[in-house]
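**Student:** Below you'll find the structure I mean.
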Amino acid sequence: MPGPRLFEPLTIDGLTLANRIVIAPMCQYSAVDGCMTDWHLIHLGQLALSGAGLLTIEAAAVVPEGRITYGDVGLYDDATQAAIGRTLDSVRRHSDMPVGIQLAHAGRKASTDLPWRGGAQIAPGSANGWQTVAPSTLGFGTDDTAPVALDRDGMVRVRDAFVAATKRAADLELDLVQLHGAHGYLLHQFLSPLSNKRDDAYGGSLENRMRLPLEVFDAVRAAFPAGKPVTMRVSGTDWVAGGWDIAETVAFSQALEARGCSAIHVSSGGLDAGQQIPVGPNYQVPLARAVKQAIGIPVVAVGLITEPEQAEAIVGTGDADLIALARTILYDPHWPWHAAAALGGTVVAPNQYLRSQPRQYKDLLQPPAAR
């Protein structure tokens, strides 16, 4: 009998993943001046022992003003790079799991307080606040300070900042770069007609609205080593009438594939406060399925995937090639172990943990390869 599809390996460009389980980037809002702290070592360290196929570092801002909050991780100078490097050095001593990073710019959704302090925007000139930028002068919230609309020189600076962060990621020997084009952040703001009201070559038609995100992708792909994946996270829909939708997502994904994108991670929402999201198990899987049917590169599905059989069905039926976990794996950091036990798969576990294997699963936990 064939084993579970969820635990089959998958190669994306030159990167082979041991299984189809991806740990999605999850902001921790615990950095100091953009630098990772001991919290990130604890957080990423435990996830690197989970048995998943890929660990993705949280959204790392490519410029200080691109941070969602003052507690966000950055990858924009020597200090932020060194802080990530220290964390990676420790994680890699104890785990062979591939590690990627998501690069991001929050655009008009930047300069906010920490989520557990309410998450409201902090005005420019206030402590921990700064002026935001966007495609147009429309704020995310009705009471937000209006962002400054990027001119052409500003867009070039954004593109070049993504490239500089990518080169730092390459120096850190990260295995994958993901561009954040979802959840209402800057690249998504250019894509959606709800936030992009420009009347130049970067606004209006779908071709124009895709122009800057594709320019950023092209520049990042050229800057990251050949054979290492560059992927894009997209919002499949804004969940608002007249907004970005799945047909435009498919067109954008096809354009990315033509430019050498390695995979598409399909999420949704985050751009407009008026969104109406039908949240429930698998609620975003139809979006991933639509993209998967239109392109030939791997597709990642995410969103309220909590049960092993649910994840197996998503990849087994071909709705997506991989599933991504975020809150689920925070709640249960050994979810891949439990999924392998339920489905009849195996996972790599640290030598120190092998004796924890339940008696009825004698081959569940496999030792890591000799270093």
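**Student:** For Arg86 and Ala247 in the same chain, what is the full-extension length gain: residue separation times 0.36 nm, less their Cα-Cα distance, in nm?
**Tutor:** Details: separation 161, 0.36 × 161 = 57.96 nm, distance 4.21 nm.
53.7 nm is the gain from fully extending Arg86 to Ala247.
**Student:** Between helix 246-258 and the chain, what is the angle of the helix's C-alpha long axis to the longest principal axis, kept within 0 to 90° and rounded to the nearest 10?
**Tutor:** Roughly 80 degrees between the two axes.
**Student:** Taking the 0 to 90 degree range and rounding to the nearest ten, how far is the long axis of helix 38-47 tilted relative to the main principal axis of the chain, both from C-alpha atoms?
**Tutor:** So the inclination is approximately 50 degrees.
**Student:** Further, regarding this structure: With a ≥ b ≥ c taken as the square roots of the eigenvalues of the C-alpha gyration tensor of segment 135-276, please select rounded if a/c is under 1.5 and otherwise prolate if a/b is larger than b/c or oblate if it is not? Present the calculation step by step, with values, prior to reporting the outcome.
**Tutor:** Working: a/c = 1.80, a/b = 1.45, b/c = 1.24.
Judged from the Cα gyration tensor, segment 135-276 comes out prolate (a/c at least 1.5, a/b above b/c).
**Student:** Take the chain, connect every pair of alpha-carbon atoms lying under 10 Å apart with a spring to form a Gaussian network, then pick out the residue of Pro298, Pro213, Pro350 with the largest mean-square fluctuation.
**Tutor:** Sorting by GNM fluctuation, first place goes to Pro350.
**Student:** Something else about it: To two decimal places, what compactness ratio does the chain give when its Cα radius of gyration is scaled by 2.2 N^0.38 Å?
**Tutor:** Working: Rg = 19.9 Å, N = 371, 2.2 N^0.38 = 20.8 Å.
Compactness ratio reported: 0.96.
**Student:** Then there's this: How much FRET efficiency would the formula 1/(1 + (r/R0)^6) give for Ala170 and Thr142, where r is the Cβ-Cβ distance and R0 is 41 Å, rounded to 0.05?
**Tutor:** Working: r = 41 Å, r/R0 = 1.00.
About 0.50, to the nearest 0.05.
**Student:** Could I ask something else about it? Against the longest alpha carbon principal axis of the chain, how many degrees, from 0 to 90 and to the nearest 10, is the axis of helix 152-171 turned?
**Tutor:** 20
**Student:** Would you give the gap between the C-alpha center of segment 43-59 and the C-alpha center of segment 331-348, rounded to a whole Å?
**Tutor:** 14
**Student:** Continuing with this model, one more query. Quick one: dipole size for segment 6-138, taken about the Cα centre, charges +1 on Lys/Arg Cβ and -1 on Asp/Glu Cβ, in debye to the nearest 20.
**Tutor:** Charge dipole of segment 6-138: 240 debye, to the nearest 20.
**Student:** I would also like to ask the following. Considering only Ile57, Asn208, Leu6, whose Cα is most displaced toward the positive end of the charge dipole of the chain, charges sitting on Cβ of Lys, Arg (+1) and Asp, Glu (-1)?
**Tutor:** Result: Leu6, furthest along the dipole toward the positive end.
**Student:** Pull up the cross-link candidates among the lysines for Lys197, meaning alpha carbon to alpha carbon under 29 Å and not fewer than 8 places away within one chain.
**Tutor:** Cα-Cα hits under 29 Å: Lys109.
**Student:** Also: Between Asn128 and Asp33, what is the label-to-label distance in nm when each label sits 7 Å out along the Cα-to-Cβ direction?
**Tutor:** Those two pseudo-labels are separated by 1.7 nm.
**Student:** Once the piece of chain linking Leu206 and Leu304 is laid out straight, how much longer is it, given 0.36 nm per residue of separation minus the C-alpha distance between them? Show your work: numbers first, answer last.
**Tutor:** Details: separation 98, 0.36 × 98 = 35.28 nm, distance 2.99 nm.
This chain segment gains 32.3 nm when fully extended.
**Student:** So, one more: Check the straight Cα-Cα distances from Lys167 and name the lysines below 17 Å, setting aside those fewer than 8 residues away within the same chain.
**Tutor:** Partners found: Lys228.
Here, each number is a calculation from the coordinates, and none is a lab measurement. Because the structure is a prediction, the values reported are computed rather than measured. Don't worry about glycine lacking a Cβ; one is built from the backbone with ideal geometry, like all the others, and counts go over all protein chains shown.
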